[in-house]
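These notes are about the structure you will find just below.
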Amino acid sequence: MQETVQGTSSQDISQGKSTQEAPAYEIKGRTMSLEEWDLTVQVESPVDFTSLSYHGCNIKEYYESQDLMDYFNMLNGPTYMALVRHFWVRAHVYDKKAAKQEMDEKVLIDPTLAGKTREEMGLEPFIGTEIRSSVLGIPVYIS
């Protein structure tokens with residue numbers, strides 16, 4: 001369940017500043033029995049000049065002559081394996097069943113919400129199946 005935190009003070013309101021809502025931090029428990037360090041992260045390079053050269057397509061020299069290797073080094077830069085592992089051990093699938101369960105929980109808490117739409121309950125509309133997790137408390141969704 002995601003809540004919002006109001007980002008204004010009474011002084012801001014009296015000065016006519018707009019209110020801004022930000023998602024709250026979400027501390028998620030593990031959804032896997034594996035430990036984070038047990039996961040193997042497969043790292044690949046979007047542009048692998050060594051593999052291209054091995055297969056007879058040596059184009060690295062063209063990019064070197066144009067001083068573009070810094071760009072490719074950035075593309076092939078570090079993968080934050082600890083963050084990737086942290087994401088996956090806390091991930092869960094958010095589908096129609098999970099969306100229905102979320103609505104049912106809202107109705108259990110407040111029976112006056114029975115028969116209302118997701119928007120009327122203060123929930124985001126269900127668009128499609130997503131993988132949901134959090135990284136360092138920040139909600140992350142993959143659709």
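Couple of notes before you dig in:
- Per-q log10 I(q)/I(0), segment 16-143, q = 0.16, 0.22, 0.23 Å⁻¹ (Debye; single scatterer per alpha-carbon; no solvent): -0.96, -1.26, -1.31
- Residues ARG30, ARG90, arranged from fewest to most other Cβ atoms within 10 angstrom of their Cβ, appear as ARG30, ARG90.
- Efficiency of FRET from Cβ geometry, MET69 and LEU34, R₀ 41 Å, rounded to 0.05: 0.60
- Estimated from the Cβ-Cβ distance and a Förster radius of 35 angstrom, the FRET efficiency linking CYS57 and GLU119 is about 0.10.
Quick note: the coordinates plus some simple rules give every number you see, no bench work behind them. Source: prediction; values computed, not measured. Note that each Cβ is placed from the backbone with ideal geometry, even for glycine, and that neighbours are counted across all protein chains shown.
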